[in-house]
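The next block holds one structure in the form of structure tokens; read it before the comments.
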Amino acid sequence: MCDIVVATPRATRDHVMIFAKNSDRDPNEAQVLEYIPRLKHDEDRVRLTYVDFPQVKETYAILISRPWWIWGAEMGVNEFNLAIGNTAVFTRERIPTRGILGMDIIRLALERTRSAREALNFMVKVIEDYGQGGNASYEHKMLYSNSFMIADPNEAWVLETAGKYWVAKRIDTVYSISNALTIDDDWDLASDEVVRLSRRIRNFSFSRYFSDKVYTYFAHGRDRRRFTFNALKAREGDITLDYVMGILRGHAREPYYPWRGSMRDVCMHYGGYLRPTQTASSQISILKGSGISTHWFTGTSLPCLSVFKPLFMIDDTEEVLKQVMGELPTNRYNPRNYWWVSEYLRRKLVMGFGSDVVREYINDVRKLETEIINKWNETINNNSGRTDLAGLSAWAFNEELRIIKKWMDVKIPSRAPFLYIWILRGINKKANLII
């Protein structure tokens with residue numbers, strides 16, 4: 001499950017576009033942060049997650065967050081400050097077990113288009129010509145259509161699909177999507193088939209007509225969408241970076257305890273069969289038409305326990321991430337991988353929610369995040385060069401790693417009930433993670 005919010009320049013304090021996403025995945029599905037530079041290609045086709053696709057002569061530089069086993073991306077941005085993310089939506093349309101994943105469509109669009117409108121046109125052509133398909137989970141069956149949020153510094157669109165059917169809406173001020181269709185009859189663009197349906201069916205609604213009511217209900221996407229959208233509307237015209245961070249860290253009930261969590265939480269904690277995913281990574285992009293755009297990533301699970309670190313669309317970012325990320329992960333614990341090192345500590349912390357020790361840890365990482373934001377403001381305001389930007393990114397990641405190592409051996413008292421402990425032991429065992 002996932003959640004995405006967008007605030008256009010009309011809705012933000014600094015008159016910039018803000019794009020943000022929580023990527024929810026299976027709890028042991030590590031995510032990879034990657035910078036891929038602009039590349040030239042001689043080959044005719046490129047291998048996506050499941051299928052081959054026509055290659056182009058040149059692909060643009062991209063910064064993406066992706067599940068370790070997937071070619072595509074849960075979310076990302078390219079060198080033209082175009083940001084795209086997707087959410088799973090459950091519809092009446094049958095999705096084949098092999099095909100082009102929504103995540104593959106995201107990466108293709110980031111590599112080949114320069115603006116939100118160009119990306120939208122490209123993505124609907126892929127959907128109409130090739131369709132959507134493929135199992136989106138490594139460990140079990142997960143087939144779905146996609147909703148997409150597409151934003152550049154000047155314009156943002158929401159694209160919602162059901163198989164090869166689609167509608168799109170231009171965002172005026174704020175918008176959010178989750179795991180449920182949101183567009184009824186108020187689209188700006190639509191596939192020919194949808195237009196024909198709307199003329200034939202009285203009071204036609206794309207959302208009502210195509211939604212699978214059972215899956216949509218149990219995913220609680222409408223509840224999370226209500227939470228995020230209301231939060232955006234409450235600060236419309238004065239939305240800031242730290243406010244969006246707070247939205248992505250949101251829980252339906254406070255004070256929050258993971259064993260009392262639900263599918264209504266934007267910051268999703270794994271909870272077994274009825275709450276089978278967790279937030280694996282988060283992104284907030286401040287997209288500027290002029291000046292330096294900054295892309296804040298956690299690169300770790302659970303934003304309520306994480307630090308957002310700044311990354312930039314510069315070639316030096318590739319080397320920073322290679323050094324910080326360590327070995328490429330799998331769905332098994334690896335102490336030489338950044339995501340898994342962080343995850344080891346999180347699996348201990350979630351057992352002690354409500355304790356003074358966990359509150360102290362959260363205070364520690366929030367102090368670091370404030371320091372990072374202050375240094376970022378100084379760096380941006382001083383018109384620093386690429387070396388300073390890369391240095392800021394490296395420093396932020398390494399400072400977080402320092403805190404993780406400091407807390408790794410701290411005894412964290414468990415306050416969780418037995419059933420929750422038993423649930424977490426199960427996923428830890430699957431990942432060969434011994435705590």
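The values are calculated or read from the model by the stated rules, or taken from the named source; none is laboratory data. Since the model is a prediction, treat every value here as computed from it, not as a measurement. Reconstructed Cβ throughout: ideal geometry from the backbone, glycine too, with neighbour counts over all protein chains shown. The protein model used for the area step is the full one, side chains on, heavy atoms only, and it has no ligands, DNA or RNA in it. Shrake-Rupley method; radii C 1.70, N 1.55, O 1.52, S 1.80 Å.
Observations, loosely collected:
- Test for GLU58: is it modelled with pLDDT of 95 or more, among the charged types (D, E, K, R) and under 26 Å from ALA30 (Cα atoms): no
- Cβ separations smaller than 6 Å between residues 6+ apart or across chains give the following pairs from segment 304-317 residues that are of a type in the set (S, T, N, Q) and at pLDDT 95 or above to residues that are surrounded by 24 or more Cβ atoms within 10 Å (Cβ to Cβ) and part of a loop (DSSP other than H, G, I, E, B): SER306/THR298; SER306/THR300.
- If you go through segment 282-303 and keep only what is assigned to a loop (DSSP other than H, G, I, E, B), closer than 24 Å to LEU39 by Cβ and either at pLDDT below 95 or of a type in the set (S, T, N, Q) (or both), you end up with ILE292, SER293.
- Yes/no for THR49 being in contact (Cβ under 8 Å) with a residue 24 or more places away in the chain and over 30 Å from GLU327 (Cβ atoms): no
- A single entry from LEU232, LEU274, LEU287, LEU305 fulfils the requirement of being open to solvent by 10 Å² or more (accessible area, probe 1.4 Å) and out of contact with any Gly (no Cβ under 9 Å at 6 or more places or on another chain): LEU274.
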